[in-house]
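Reading through the structure tokens given below for one structure.
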Amino acid sequence: MQQELGYLDRFPNDSIMPMEKALLTVYAYPEELNFPYISEQKSHWFNLESFSRPNEDVVPLSDLLPEDFLADDLGGHFSGRYILLSMGSLASVDVVLMRRFVDVLGRRARHHKVIVSKGQRHAEYSLTKNMWGEGFIRQTAFLPHLDLVISHGGK
């Protein structure tokens, strides 16, 4: 039945990676979290390591955020903390989910500033006073400045 529907067979021994083949396999994983046995045992696997850009200068927040958002002290209660909310391209199209995040973070994190990667449907919901966001933002540029990242966790 599975073959008729076009499903692929499981990897041998339910392994998370297929057996060695004469093909190049490229994956992206930060070096700090990389699996050493992949490079040691799988000669055709190549880690792109796209998450680390050691030669890239840290971009100041003043170049990333609007001046009025940076200057806002949230009624004298700004904690100095920054949070990034990014649910990726699939989860961010769920406007009900994104509105819920905005509601909760608007109340529970009201003394922190929240940077939101709003996604494709960015025009369909509004952010609270302690938030700033756009449809798509350069998330890696914000990383050095963040105290917390709320994310979908990747693919």
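The figures follow:
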item: Two-site label geometry, L143 and R100: point separation in nm, points 7 Å out along Cα→Cβ; result: 2.9 nm
item: Net +/- balance of residues flanking G119 in space, Cβ distance below 15 Å, scoring K and R +1, D and E -1; result: +2
item: Accessible surface of K129 - all protein chains present, 1.4 Å probe, nearest 10 Å²; result: 140 Å²
item: Cα→Cβ-extended label distance, 7 Å offset, between T128 and D68, nm; result: 2.0 nm
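The values are calculated or read from the model by the stated rules, or taken from the named source; none is laboratory data. Model, not experiment: these values are computed from the prediction. Heads up, the Cβs are rebuilt from the backbone with ideal geometry, glycines too, and the neighbour counts pull from every protein chain shown. The accessibility values were calculated without ligands, DNA or RNA, using every heavy atom of the protein model including side chains. Shrake-Rupley method; radii C 1.70, N 1.55, O 1.52, S 1.80 Å.
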